[in-house]
Every structure is written in C-alpha cells, then in structure tokens.
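Novice: Can you read through this structure? Questions will come right after.
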Amino acid sequence: MMNVFQEIEDIRRHRWKEPHQSWGVVPTMGFLHEGHLSLVRRARQENDRVGVSIFVNPIQFNNPQDLKNYPVDLERDLTLLRAEGVDLVWTPAPEVVYPPGFQTYVEVEQAAQPLEGEHRPGHFRGVATVVAKIFNVFQPHRAYFGQKDAQQAVVVQRMVKDLNFNLEIVVCPTVREPDGLAMSSRNARLSSEGRKRALCLYQALRTAQQAISAGERDAEQLRELMRRVIQQTPGAEIDYVSVADPLTLKELEQISRQALLSLAVLIEGVRLIDNVLIR
Ligand code: AMP
C-alpha cells in the first residue's frame, strides 16, 4: 500500500512507524519519466522503504514563465510510483513547504556559482533549501539524485558534508531516449520539430567526447566543437558550454584527468541541459 500525504506530520508519523527499517528518498518535481524511475528502483534495491517527494519548488525557478509552464500530472505520477512499490509519497502544497513567515535559506557558495548558478540566479539556494527540508521531513538513510543534474549533485553533496546531514547521497546515471536525448520533464514541452533539434545537446557532447578519445586535450577547442554543433542547429540558442573540473566545477584549460562536459541550450524557449563525465 502506497501512502500519499501533503502534511509533514503525516509523512513523519508514517516514516517512524517502523523505526528499524532503512529509508531511501527520491526528491522530484513530478511529471515522472524513466530517469526518475531509475532512481526509485535503485532506492528500492538498497533500502527497506522508499519515499518520493513530488513538489515543483517555486523558489528554485528564477524564471516565472518556466515555473508556470512546468508540466504536472499527479495522478499519472502516483500510478507509476505505485507500480514501483513506493511506500510513501509527499505531495505538499507550496504553503506547507513555505508557510507565512518562512525566512531561512541554505546557501552553498563556490560550487553553486558557475554554470547553472550563473545563468539561473538563486536556483541552487532554492534547491539546497528544499532538499534540506526534504531530508529533515523524511530523515532517510540514503537520497538518490541523477547525474543529469551534475551540478545539483555536487551542490547537494557539499551541503550534506558542510551541514552534517546524516545520510548517504547516491548519484545515478543519466537515462536517455533511444536516440540519446536525456530524459527530462521539460522535453514534453517541445514540438516534434523541437524534439529532433533537442538531439543537438547529446550530439555536441558526443562530438567532444570523440575528440577527447582521438587525443584532444585543449578545453577551449572542445568548447568550440560543442558550440559549432549547437550553432548548426536552427533555433538552438546556447546558454553555456563548459569543460570543467567535476569536483570544483571550475573551467579547465587542459584535460588531464577527469572532466565534466556540460551545456545548457534553449530550444523553442525550453531550457535543456545535459552533460557527460570524462574519466
Ligand atoms: P526533477 O524532477 O527534474 O527535479 O528531477 C528529480 C531527480 O531526477 C533529480 O535528481 C534529477 O537529476 C533526476 N533525473 C532527472 N532526469 C533524469 C535522467 N534523464 N536520468 C537520471 N536522472 C534524472
């Protein structure tokens, strides 16, 4: 039986009914796809009980139009989660998470500044704050995040370390469509033409990855290769293209050991991100 609650007291009561069971939690904004479900399955494997939060967190949206257009289908989400054997789902209203008088935020510094942080001011302050709240509501042993949002995983891991949250962060691989497009709730907002054009993100990453395999080590050359693939796609607008250190997220000049290739691109006004990790 899957229990679905809005109120924090209900989640807490259910969470602590069997105090000896281990809990894994998957924070989401809903409109679930195979990427989310891969995290749920991993959580299912590694814990006695699985909790999922579905909350479109208003304070992590710097663009009001993006928030307004964010797709929602709670009934479908709950059906998918029931089929995965999820135990507990938190679907709070915004007033439950941010009641009147709310004024405390979590701010991760350096890791949240470049890339998404630079292009979406306040985004990671919103993410870190809501993730801290989700951790405090569920008090899980483990929490599951996708590599798809690489910087988010870095920011959350930093917060857990710095604020001594007593749980393990598990980062799971990016799940892709058969043609390579990274699954995202925002893909639903693309027209069929936009859907085809959206493939340029993965193509750009693959092009850079192949150049690295062929011996390219100059990070600016790699950024240029990625930019060229995007610029050849009609209607695709680059937000950023990056070759950075996967831990510090600082831009690299040369690739020596690891690198995170990442990019954000607007297609039909929909902001898409993707990345690959080079080891
Ligand atoms: P969201 O609902 O977009 O906030 O995503 C919730 C969680 O699912 C985050 O940890 C994301 O990184 C993860 N996620 C989203 N898309 C994918 C994907 N294609 N593959 C793996 N994880 C994903």
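The values are calculated or read from the model by the stated rules, or taken from the named source; none is laboratory data. Quick caveat: nothing in here was measured; it's all calculated off a predicted structure. Heads up, the Cβs are rebuilt from the backbone with ideal geometry, glycines too, and the neighbour counts pull from every protein chain shown. Only protein heavy atoms, including side chains, enter the accessible area calculation; ligands, DNA and RNA are left aside. Shrake-Rupley method; radii C 1.70, N 1.55, O 1.52, S 1.80 Å.
Novice: Among 119, 146, 60, which residue has its Cα positioned farthest towards the positive end of the charge dipole of the chain, with +1 placed on the Cβ of Lys and Arg, -1 on the Cβ of Asp and Glu, and the dipole taken about the Cα centre?
Specialist: 146
Novice: So if we plug the beta-carbon distance of residue 139 and residue 79 into 1/(1 + (r/R0)^6) with R0 = 35 Å, what FRET efficiency do we get, rounded to 0.05? Let's see the in-between values first.
Specialist: Numbers: r = 27 Å, r/R0 = 0.77.
Computed FRET efficiency for residue 139 and residue 79: 0.85.
Novice: Have a look at the DSSP beta bridges in the chain and tell me what percent are antiparallel, nearest 5. Write out the running numbers ahead of the final one.
Specialist: Numbers: 20 of 39 bridges.
The answer is about 50 percent antiparallel.
Novice: Please return the longest range in the chain lying between exposed loop sites, taking GluC sites (Glu not before Pro), DSSP loop only, at most 11 other beta-carbon atoms within 10 Å, and leaving the sites out. Please report the intermediate quantities before stating the final value.
Specialist: Values: sites that count: 107, 109, 253.
That gives 110-252 as the longest site-free run.
Novice: Taking the Cα centre of region 159-224 as the origin, how large is its charge dipole in debye, to the nearest 20, when only Lys and Arg (+1) and Asp and Glu (-1) carry charge on their Cβ atoms?
Specialist: Details: 10 positive and 9 negative charges, 66 e Å.
The calculated dipole for region 159-224 is roughly 320 debye.
Novice: In addition: Could you run the Karplus curve 6.51 cos²θ - 1.76 cosθ + 1.60 with θ = phi - 60° over region 42-54 and give me ³J(HN,Hα) per residue in whole Hz, x for Gly and Pro?
Specialist: Ordered by residue, 3J(HN,Hα) equals 4, 4, 4, 5, 9, 9, 6, 10, 10, x, 10, 10, 10 Hz.
Novice: Let me ask something else. Measure up 17/68; 17/161; 133/196; 148/250; 196/250 against 26 Å on the Cα-Cα distance and list the ones that go over.
Specialist: Working: 17/68 37 Å; 17/161 28 Å; 133/196 38 Å; 148/250 18 Å; 196/250 31 Å.
Those over the limit are 17/68; 17/161; 133/196; 196/250.
Novice: Filter the trypsin sites (Lys or Arg not before Pro) in region 1-78 to those in DSSP coil with at most 15 other Cβ atoms within 10 Å of their Cβ, and list the result. Display every interim value, and only then the final one.
Specialist: On the way: sites: 12, 13, 15, 17, 41, 42, 44, 49, 68, 76; in loops: 17.
Loop-located and lightly packed - 17.
Novice: Can you pull the Rg over Rh of the chain, Cα-only, Kirkwood? Walk me through the intermediate numbers first.
Specialist: Values: Rg = 19.0 Å, Rh = 19.6 Å.
Using Cα coordinates only, the ratio equals 0.97.
Novice: Any idea of the accessible area per residue across the chain, 1.4 Å probe, to the nearest Å²?
Specialist: Per residue, the chain has 48 Å² of solvent-accessible surface.
Novice: At 7 Å along the Cα-to-beta-carbon direction for both residue 13 and residue 221, put a label point, then send me their distance in nm to one decimal.
Specialist: 6.4 nm
Novice: Just grab the label-to-label distance for residue 119 and residue 191, each label 7 Å out from Cα along the Cβ direction, in nm (one decimal).
Specialist: So the two model labels end up 2.2 nm from each other.
Novice: Same structure, new question: How much net charge surrounds residue 266 when only other residues with a Cβ under 10 Å from its Cβ are counted (Lys, Arg +1; Asp, Glu -1)?
Specialist: On the way: positive: 271; negative: 237, 239, 268.
Residues near residue 266 contribute -2 overall.
Novice: Extending each Cα 7 Å along its Cβ direction at residue 254 and residue 166, get the distance between those two points in nm, one decimal.
Specialist: For residue 254 paired with residue 166, the spin-label model returns 4.7 nm.
Novice: Given q = 0.18, 0.29 Å⁻¹, what are the Debye log10 I(q)/I(0) values for region 225-279, with equal point scatterers placed on the Cα positions and solvent ignored?
Specialist: Listed by q, the Debye log ratios stand at -0.61, -1.12.
Novice: How about region 1-72: which chymotrypsin sites (Phe, Trp or Tyr not before Pro) there are in a DSSP loop, with at most 11 other Cβ atoms within 10 Å of their Cβ? Mind showing how you got there, number by number?
Specialist: Details: sites: 5, 16, 23, 31, 55, 61; in loops: 16, 31, 55, 61.
When the chymotrypsin sites (Phe, Trp or Tyr not before Pro) of region 1-72 are filtered for loop state and at most 11 Cβ neighbours within 10 Å, 16 remain.
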